[in-house]
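What follows is a single structure, written as structure tokens, with notes after it.
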Amino acid sequence: MTALEQRLSQFYAYVARMQHYREALALMAWDLRTGAPPKGVSARAEAVGTLSEDVFAMAVSERMEEFLGELEPVREQLDERTRALVRECRREFDRNRKIPRERYREFVVLTTRAESVWEEAKAKGDFLLFRPYLEQIVTFLREFVEYWGYEEDPYDALLDSYEPGVRTRDIDPLFRRLREETVRLVGEIAGTGRRPDTSAFLRSVPPDRQRELCRWVLDVIGFDFEGGRLDETVHPFEISLNPGDVRVTTRYEPGDVRTALFSVLHEGGHALYEQGIDPDLAGTPLWTGASMGIHESQSRFWENLVGRSLPFWERYFGELRHRLGPEWAELTLEQFYAGINDVAPSLIRTEADEVTYNLHIFLRYDLERALIAGSLEVRDLPEAWREQSRALLGVVPEGDAEGVLQDVHWASGSFGYFPTYTLGNLYAAQLREAIARDLGDWDGLLREGELGAVLRWLRDRIHRYGKLFDPLDLLRRATGEEPSAEPLVRYLRNKYGPLYGV
Ligand code: ZN
């Protein structure tokens, strides 16, 4: 073994150790959210805190600094996987070490408290309760972006931790174009005065039957139950422990089966991604998605582009109706399809349809950018929210619980996260067009139930690479294109035009 080989094996063992801590943390998080007994929660939180501190310390240790110092100068001699691994470790190291340790600790304490205050403020609809915390969070972040550094826009330093290498200058033209087209389309749809009759969905389906339905639909899209499981939670999520253990949860709303069905398709999309990453990347931080945006592209792909499409249900509606039970015998495919594609501006982002959804993101993106830039102050935020909501969605929340307080992201300090949801929608539409170019007629693939071929394409072009490449690189490799709003604009127009007769 050469000296370099020896060093590399120590480095790999070191990062594997960090991954083992992360697996333990993920399992503890899953357990906390899926039914850990309430009396155990506070002791568990302590244990989570200790393990998190240890793994954080390893990421910023002198040992890590030594590894990076030795491996970076010999980059050219390293294989692709090791080069990407060094890049990732460097990113994490810099991100954490550039902030004075004491300030970072204060920030963690602040956001932990802010989240519980936010919860109370939201329940009471009282922004003033939350305001001092949000003011401090914004102050911290304005300070942090200076430590991290940026070229043009301070917001870029925040965006970079969720969408590496993507800047506001990349996003702005895409969002502008999508915004224009979406506002026009939503206006035309509203102008028809048409709303689908969704009363058929508002009948009770027992949780057991919903669970069976969810297992079935996961199976249809290719979820591997030998390497994963499905559980029930209030807030559905996907969490990955290791390549053979990828878990999803969903929620069974007794009076509307759509909730369980589409959240399991969404989380199932995230899970297919994780189940498809090359196991060679396991034991390293590359065994994860390329970015939040790419991850979201996979969940939206299965939830919306497949799961809310007509050809998919032309193939599977009969089976679905049969599984729903005899009381659903009268429901027609047309009613079902219209009912899962009801478009109307609303106040709550997480309940928005796929057309108006991005408008909720534009609103948040503009406001959080202005807060970081200092052109908007927290005290003026609720009013700014109402104005933007009126301008973009044409609806204004009565209270702040349905407005500025509705999402947890700002309370947890996650500024720069929101745009990744819309990036996910944009990437997904680009992937869909690329698949149609490679495999032939999209509708035909879905109608014939050729989901295996679609999944194989995604595995081959996206999933297996994990975090080897930055998101835009990965997108270019998969589609041969730069990021663009046109595929999503075309998709929305071609789908909703006929559906609403506009
Ligand atoms: Zn998601």
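The values are calculated or read from the model by the stated rules, or taken from the named source; none is laboratory data. Computed from a prediction, not measured in an experiment: that's the story for all the values here. Ideal geometry is used to build each Cβ from the backbone, glycine not excepted, and the neighbour counts take in all protein chains shown. Just the protein is used for accessible areas: all its heavy atoms, side chains included, with ligands, DNA and RNA removed. Shrake-Rupley method; radii C 1.70, N 1.55, O 1.52, S 1.80 Å.
For the stretch 213-228, the condition holds for no residue, the condition being that it is open to solvent by less than 20 Å² (accessible area, probe 1.4 Å) and within 14 Å of the ligand (Cβ to nearest atom).
Could you run through the stretch 241-250 and say how many residues are farther than 12 Å from Thr34 by Cβ and either open to solvent by 40 Å² or more (accessible area, probe 1.4 Å) or within 16 Å of the ligand (Cβ to nearest atom) (or both)?
Here is the first cut: in the stretch 241-250, the residues farther than 12 Å from Thr34 by Cβ are 241-246.
Filter once more, keeping what is either open to solvent by 40 Å² or more (accessible area, probe 1.4 Å) or within 16 Å of the ligand (Cβ to nearest atom) (or both): 242-244, 246.
Going through the stretch 241-250 one residue at a time, the tally reaches 4.
Screening Glu80 on (1) in contact (Cβ under 8 Å) with a residue 12 or more places away in the chain; (2) in contact with a helix residue (DSSP H, G or I) (Cβ under 8 Å, 6 or more places away or on another chain); (3) over 23 Å from Ala157 (Cα atoms) shows it passes everything except condition (2). Of all residues in the stretch 265-277, those that are within 11 Å of the ligand (Cβ to nearest atom) have Cβ atoms under 7 Å from Cβ atoms of residues that are small (Gly, Ala, Ser) and in a helix (DSSP H, G or I), 6 or more apart or on another chain, in His266/Ser299; Glu267/Ser299; Gly269/Ser299; His270/Ser299.
Return the residue satisfying two criteria in turn: it lies in the stretch 197-212 and is of a type outside the set (Val, Ile, Thr) and open to solvent by less than 50 Å² (accessible area, probe 1.4 Å), and of such residues it is nearest to the chain's Cα centre (by Cα). The qualifying residue nearest to the chain's Cα centre (by Cα) is Gln210.
Please state which one of Leu381, Leu405 is buried (at least 18 other Cβ atoms within 10 Å of the Cβ), modelled with pLDDT of 95 or more and not in a loop (DSSP other than H, G, I, E, B).
On the way: Leu405 fails: not in a loop (DSSP other than H, G, I, E, B).
Testing whether each residue is buried (at least 18 other Cβ atoms within 10 Å of the Cβ), modelled with pLDDT of 95 or more and not in a loop (DSSP other than H, G, I, E, B) leaves just Leu381.
Looking at Arg101, Arg44, Arg83, Arg33 in this structure, which one is within 24 Å of the chain's Cα centre (by Cα) and open to solvent by 50 Å² or more (accessible area, probe 1.4 Å)? I'd like the intermediate steps shown before the answer.
Numbers: Arg101 fails: within 24 Å of the chain's Cα centre (by Cα); Arg44 fails: within 24 Å of the chain's Cα centre (by Cα); Arg83 fails: within 24 Å of the chain's Cα centre (by Cα).
Step by step, each of Arg101, Arg44, Arg83, Arg33 is checked, and only Arg33 is within 24 Å of the chain's Cα centre (by Cα) and open to solvent by 50 Å² or more (accessible area, probe 1.4 Å).
Only one of the listed residues (Gly255, Gly289, Gly283) is open to solvent by 30 Å² or more (accessible area, probe 1.4 Å) and part of a loop (DSSP other than H, G, I, E, B). That residue is Gly255. Could you go through the stretch 201-221 and let me know if any residue there is part of a loop (DSSP other than H, G, I, E, B) and either over 21 Å from Gly255 (Cβ atoms) or in contact with a Leu (Cβ under 6 Å, 6 or more places away or on another chain) (or both). Checked against the condition, which is being part of a loop (DSSP other than H, G, I, E, B) and either over 21 Å from Gly255 (Cβ atoms) or in contact with a Leu (Cβ under 6 Å, 6 or more places away or on another chain) (or both), the stretch 201-221 yields no hits at all. Among Glu238, Glu232, which is more than 16 Å from the ligand (Cβ to nearest atom), in contact (Cβ under 8 Å) with a residue 24 or more places away in the chain, surrounded by 16 or more Cβ atoms within 10 Å (Cβ to Cβ) and acidic (Asp, Glu)? Answer to the check: Glu232.
So that you can scan it fast, the table gives a plain yes or no per residue for (1) under 30 Å from Ile137 (Cα atoms); (2) outside the structural domain of Thr112 (by TED's automatic domain parsing); (3) under 17 Å from the mean Cα position of the chain (by Cα); (4) not basic (Lys, Arg):
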| position | (1), (2), (3), (4) |
| --- | --- |
| Thr420 | yes, yes, yes, yes |
| Asn425 | yes, yes, yes, yes |
| Arg437 | no, yes, no, no |
| Ala478 | no, yes, no, yes |
| Lys495 | no, yes, no, no |
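Could you check, for the stretch 433-452, whether at least one of its residues is within 16 Å of the ligand (Cβ to nearest atom), part of a helix (DSSP H, G or I) and surrounded by 18 or more Cβ atoms within 10 Å (Cβ to Cβ)? No, the conditions are met nowhere in the stretch 433-452.
All of (1) touching a residue at least 60 places away in the same chain (Cβ under 8 Å); (2) aliphatic (A, V, I, L, M); (3) within 29 Å of Phe67 (Cβ to Cβ) hold for Val117 with one exception: (3).
Of the residues making up the stretch 445-470, those that are among the small types (Gly, Ala, Ser) and in contact (Cβ under 8 Å) with a residue 24 or more places away in the chain are Gly449, Gly452, Gly466.
Leu159 meets each of the listed conditions (1) in contact (Cβ under 8 Å) with a residue 60 or more places away in the chain; (2) more than 26 Å from His295 (Cβ to Cβ) apart from (2). Once the stretch 292-324 is narrowed to residues that are crowded, with 18+ Cβ neighbours inside 10 Å and among the small types (Gly, Ala, Ser), the residue that is nearest to the ligand (Cβ to nearest atom) is Ser299.
Among the residues of the stretch 26-44, are any closer than 20 Å to Glu92 by Cα, without any contact (Cβ under 8 Å) to a residue 40 or more places away in the chain, outside the structural domain of Thr284 (by TED's automatic domain parsing) and touching a helix residue (DSSP H, G or I) at 6+ places or on another chain (Cβ under 6 Å)?
Step one: filter the stretch 26-44 for residues closer than 20 Å to Glu92 by Cα, giving 26.
Still in the running and without any contact (Cβ under 8 Å) to a residue 40 or more places away in the chain: none.
No: the stretch 26-44 contains no residue that is closer than 20 Å to Glu92 by Cα, without any contact (Cβ under 8 Å) to a residue 40 or more places away in the chain, outside the structural domain of Thr284 (by TED's automatic domain parsing) and touching a helix residue (DSSP H, G or I) at 6+ places or on another chain (Cβ under 6 Å).
If only residues of the stretch 305-362 that are hydroxyl-bearing (Ser, Thr, Tyr) and in a helix (DSSP H, G or I) are counted, the one that is modelled with the lowest pLDDT is Thr350.
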